[in-house]
Amino acid sequence: MKAIIGIPLRYDTLKDDRPITFLSETLRRTIQKANGFVFPIAPVQDVNYIETKTIDFPPLTKKEKTIIKENLKLCDGLLFPGGRKFTPYDRYLLECAIKMKIPVLGICLGMQMMGCYQSEIDIVENTTNHFQDNDNELTHEVIIAKDSKLFQILQKEKIRVNSFHRRHIN
């Protein structure tokens, strides 16, 4: 049986400024190639996710929280992709996934959100190249904790990655 991987849809605008939600084609194909089933999870609030500042989002209603929990009940795992910003919707998805013991993976902004769930994030000034011409270039090494799930999967202590960020999780 295929694992059902929930992915919150991300927000953007078309060239004519119409707002859209979308799922990364790369993520969709990667999960399918790994024999997973992609379950897109749509935002629940009736707000413009692009124009609304993170601090201006209204609190989630009881009904919206119920919808999020019902979506998560269908998932074997949750993948937070990158994006422009994370919202109360994303934070509540993460909180519920943790409470429901659903495995979570964060990529780019998704990992930043996970990192600041219980910690602060600092800007780190160093010589590591965090900016490349395209997202297929591998620019620096990261060290994987030997007691982590990722180490169990990759069986490697160091891997090369691409990166656009200079954030550090304390």
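The values are calculated or read from the model by the stated rules, or taken from the named source; none is laboratory data. Note that the structure is a prediction, hence the values are computed from the model and not measured. FYI the Cβ positions are ideal-geometry reconstructions off the backbone, even for glycines, and counts take in every protein chain you see. Protein only, heavy atoms only, side chains kept; ligands, DNA and RNA dropped before computing areas. Shrake-Rupley method; radii C 1.70, N 1.55, O 1.52, S 1.80 Å.
The label point for residue 4 and the one for residue 57, both projected 7 Å from the Cα toward the Cβ, are 2.3 nm apart. For residue 117, the accessible surface of its heavy atoms amounts to roughly 90 Å² (probe 1.4 Å, protein chains only, rounded to the nearest 10). In this rough spin-label picture, where each label sits 7 Å from Cα along the Cβ direction, the residue 26-residue 95 distance is 3.1 nm. Among the listed pairs 2/101; 15/69; 2/69, which have their C-alpha atoms separated by more than 23 angstrom in this model? Cα-Cα > 23 Å for 15/69; rest within. With each label modelled as a point 7 angstrom along the Cα→C-beta vector, the residue 17-residue 156 pair spans 4.5 nm.
Report the local net charge at residue 70: Lys and Arg +1, Asp and Glu -1, summed over other residues whose C-beta lies under 12 Å from its C-beta. Residues near residue 70 contribute +3 overall.
Using unit Cβ charges (K, R positive; D, E negative) and no other charged atoms, how large, in debye to the nearest 20, is the dipole of the stretch 36-106 about its Cα centre? Write down the numbers at each step before the final one.
Details: 11 positive and 8 negative charges, 45 e Å.
Using Cβ point charges on Lys, Arg, Asp and Glu, the stretch 36-106 gives about 220 debye.
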